[in-house]
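See below for the structure under consideration.
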Amino acid sequence: MKKFFKLMLMSLLSVVISISVFAKSNVVYVGTNAEFAPFEYLEKNKIVGFDIDLLDAISKETGLEFKIQDMAFDGLLPALQTKKVDMVIAGMSATPEREKAVAFSKPYFKAKQVVITKGENKSLKSFKDLSGKKVGVMLGFTGDTVVSEIKGIKVERFNAAYAAILALSQNKIDAVVLDSEPAKKYTANNKQFVIANIPAEEEDYAIAFRKNDKELINKVNAALDKIKANGEYDKLLKKYFK
């Protein structure tokens, strides 16, 4: 009898373990940086935004449960590579440099870099015209790369866009280089700031993964295709980019 109960107990434990492993496999840890409105930002201590709603839509299509972790932008890819998170969504541009280290989903948004100044600056025709100026950028953002390649620019790096905008308002820097949509969000209700739409290459935002996580990448890509086909993607665009 004892042997019978022991076998039953072992069988039950085996079922429980297999269920827990299966459940855990549906949980995906996602890194983001909630300093990038309207893509991800804090509202009443909750992370919200276009990217977060997009994750919800992907979750409905795939059955995956996303656990979101907020961290510094320049720490996102290291966290992905060290398996602290399983994927990254943070208005991140799929640049050739980043593609050396990680894999990206299909693109889900197009953007470009713009320059924010305090008051209109008609002499600003290109990024090279910022030479000799003190320019604020976000650490690890594409704008950081753009201005760092130009001689004569004094680069001031910030961990959050609002900190760079504050420094500009206090005349501590001469300009801020930032992605187009967040730039619109930060300057919408402040007449002292002007966005200079100077020529810049378009960038594709995409979700980052470890290169060997093929199954997860395929699931997310298939979900993105469905969301764009069924109209859900267009609803999100209208919600955040009127």
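The values are calculated or read from the model by the stated rules, or taken from the named source; none is laboratory data. Bear in mind that the values here come from a model prediction, so they are computed numbers and not experimental data. As a convention, Cβ positions derive from the backbone with ideal geometry for all residues, glycine included, and neighbour counts pool all protein chains shown. Please note that ligands, DNA and RNA were not included when accessible areas were found on the heavy atoms of the full protein model with its side chains. Shrake-Rupley method; radii C 1.70, N 1.55, O 1.52, S 1.80 Å.
For the chain, what does -39500 (n - 2.57) per DSSP helix run (n ≥ 4), summed and divided by total residues, give at 222 nm, in deg cm²/dmol to the nearest 500?
Here the helix-only value at 222 nm equals -12000 deg cm²/dmol.
Just in the stretch 70-111: which trypsin sites (Lys or Arg not before Pro) are loop by DSSP and have at most 11 other Cβ atoms within 10 Å?
LYS83, LYS100
Give me the accessible area per residue for the chain, probe 1.4 Å, as a whole number in Å².
56 Å²
With a cap of 10 neighbouring Cβ atoms within 10 Å, and only residues DSSP puts in a loop, list the GluC sites (Glu not before Pro) found in the stretch 28-80.
none
From largest to smallest, what semi-axes in whole angstrom does the chain give when each is the square root of 5 times an eigenvalue of its alpha carbon gyration tensor?
Whole-Å semi-axes of the equivalent ellipsoid: 43, 18, 16.
With the crude spin-label approximation of a point 7 Å out along Cα→Cβ, what separation in nm comes out for LYS100 versus ASP225?
It works out to 3.1 nm between the two label points.
I'd like the distance separating the alpha-carbon centroids of the stretch 169-242 and the stretch 30-49, in whole Å.
About 12 Å separates the Cα centre of the stretch 169-242 from the one of the stretch 30-49.
I'd like the trypsin sites (Lys or Arg not before Pro) in the stretch 116-185 restricted to DSSP loop residues with at most 13 other Cβ atoms within 10 Å, sorted by number.
Passing both the DSSP loop test and the Cβ count: LYS122, LYS125, LYS151, LYS172.
Where both partners of a DSSP beta bridge lie in the stretch 27-171, what percent of those bridges are antiparallel, to the nearest 5?
30 percent
What distance in nm separates the simple spin-label points at SER131 and GLU202, each placed 7 Å from Cα in the Cβ direction?
Going from the SER131 label point to the GLU202 one covers 3.0 nm.
Tally up the carbon and sulfur contribution to the accessible surface of the chain as a whole percent, 1.4 Å probe, everything protein left in place.
Solvent-exposed carbon and sulfur of the chain make up 54 percent of the total.
Give me the distance in nm between label points sitting 7 Å out from Cα along the Cα-to-Cβ direction at ASP56 and VAL194, one decimal.
Label at ASP56, label at VAL194, 3.9 nm between them.
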